[in-house]
1. Any residue in region 165-180 that is assigned to a helix (DSSP H, G or I) sitting within a Cβ distance under 6 Å of a residue that is small (Gly, Ala, Ser) and crowded, with 18+ Cβ neighbours inside 10 Å? List the pairs, counting only those 6 or more apart or interchain.
2. Does region 91-102 include one or more residues that are over 19 Å from GLU62 (Cα atoms), modelled with pLDDT of 85 or more and in a helix (DSSP H, G or I)?
3. Taking region 74-92 as the search range and keeping residues that are touching a residue at least 60 places away in the same chain (Cβ under 8 Å) and surrounded by fewer than 19 Cβ atoms within 10 Å (Cβ to Cβ), which one is farthest from the chain's Cα centre (by Cα)?
Amino acid sequence: MMKRKMIISGLIVSILSVPVLVSAQSVNSNTNGNKTFGQSQGRGLGKGRNGGQGKGQGRRVERLNSYIEEAQGLLTEENKNNLKAAIDKEAKLREDIFNINGGQRGNSNCENLPNITDEAKKELQALRDETRSLRENNQNIMQEFRNAVNNKDKEATNTASQKLTQQINTRISLLQKKVDILNKYVK
């Protein structure tokens, strides 16, 4: 009698759990739809991704905007607006460079453009060297901003956001020089 009740209850449990497992499996299998492996991994989406920016540029803007969101209430309105304006301007310039390169990303693609001269290549190399020299400082300033936000320190967050805005403005000036060089020599 006891064995019979155990067998029946085991069957009932297994019968009731099968539809749940099947429906969960069908939901998971439908989430990726007809995407290829590259598309499901965020690659292979082509030129239309991230507003035409190169790979990774949209993620940089999203990451910076998420840091600003985290700093909500810590940043003054002026610092927040200055930082957002700088981020948007940098993204616009990067998109301009991407479009000048014919949808190609990378410095080597700039040097392989038609009608590019040796003088332009030297100027682009000088800009690249200047950018590399600033890279470690850029990372330190970004880390300082993240730490200030994580510590919920209002004064440190505003000071770090001003430094970050200055750093982004420095990058903007270098990007603007690059756009000017490309427009001058490519067209």
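The values are calculated or read from the model by the stated rules, or taken from the named source; none is laboratory data. As the structure is a prediction and not an experimental result, all values here were calculated from the model. For neighbour counting, all protein chains shown are included, and Cβ atoms are generated from backbone atoms with ideal geometry for every residue, glycine included.
1. Going by the 6 Å Cβ cut-off, the qualifying pairs are THR165/ALA86; ILE168/ALA86; ASN169/ALA86.
2. No, there is no match, as no residue in region 91-102 is over 19 Å from GLU62 (Cα atoms), modelled with pLDDT of 85 or more and in a helix (DSSP H, G or I).
3. Within region 74-92, the subset touching a residue at least 60 places away in the same chain (Cβ under 8 Å) is 74-76, 79-80, 82-83, 86-87, 89-90.
Filter once more, so that each one left must be surrounded by fewer than 19 Cβ atoms within 10 Å (Cβ to Cβ): 76, 80, 89.
On the way: THR76: 24, LYS80: 19, LYS89: 15 Å.
This residue is THR76.
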